[in-house]
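One structure is given below, encoded as structure tokens.
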Amino acid sequence: MAEISLVVTQAVLDHVSGGNANQGQIAMRSPSLEIQPDIAQLSARNRRTLVLGESIVLNIGDSGAIWLAHNREHEEDFMSLFHLLSRRPGTEMRFLCEIE
């Protein structure tokens, strides 16, 4: 199964807490080889679905980050993951994943 590392940086936390709550993002890093081509092709016009651990569903439309703005229909999943990663800013967490 594919893997990806996700992280919330301190800079993002500072930006969000500075009155920009709608601009939350989770950085994507080190995708495993089998999903690198899919990640590289992401754009506003080429969005996909990322499923983490067969349970967290997110829309992705950027090759470097998962944006809250793209995930209104999955906001609960996004915010749960964002809060988890925010506990250790700058620390990458590795997840099993699928891209649909």
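The values are calculated or read from the model by the stated rules, or taken from the named source; none is laboratory data. Given the structure is predicted, the values throughout are model-derived calculations rather than measurements. FYI the Cβ positions are ideal-geometry reconstructions off the backbone, even for glycines, and counts take in every protein chain you see. To get the accessible areas, we keep the full protein, side chains included, count just its heavy atoms, and leave off ligands, DNA and RNA. Shrake-Rupley method; radii C 1.70, N 1.55, O 1.52, S 1.80 Å.
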>> Of the listed values (i) 70; (ii) 21; (iii) 32, identify the label whose number matches percent of Cα pairs over 22 Å apart calculated from this model.
In response: (ii)
> Exactly which GluC sites (Glu not before Pro) in the range 1-58 are in a DSSP loop and have at most 14 other Cβ atoms within 10 Å?
Replying inline: Glu54
> Treating the beta-carbon of each Lys and Arg as +1 and of each Asp and Glu as -1, no other charges, what is the dipole magnitude of the range 46-100 about its Cα centre, to the nearest 20 debye?
Replying inline: 240
> How much accessible area per residue does the chain have, in Å², with a 1.4 Å probe?
Replying inline: 55
> In the chain, carbon and sulfur make up what percent of the accessible area (probe 1.4 Å)?
Replying inline: 47
> How big is the gap, in Å, between the Cα center of the range 53-100 and the Cα center of the range 1-16?
Replying inline: 8
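Would you kindly state the longest site-free stretch of the chain, with sites defined as trypsin sites (Lys or Arg not before Pro) in a DSSP loop (not H, G, I, E, B) surrounded by at most 16 other Cβ atoms within 10 Å?
1-44
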> Between Asp62, Asp14, Asp77, which gets the highest mean-square fluctuation from a Gaussian network model of the chain, Cα cutoff 10 Å?
Replying inline: Asp14
>> If I fit a long axis through the Cα atoms of helix 75-86 and take the longest principal axis of the Cα atoms of the chain, what angle between them do I get, 0 to 90°, rounded to 10?
In response: 70
>> Given Cβ point charges of +1 (Lys, Arg) and -1 (Asp, Glu) and nothing else, what value in debye, to the nearest 20, does the dipole of the chain about its Cα centre take?
In response: 280
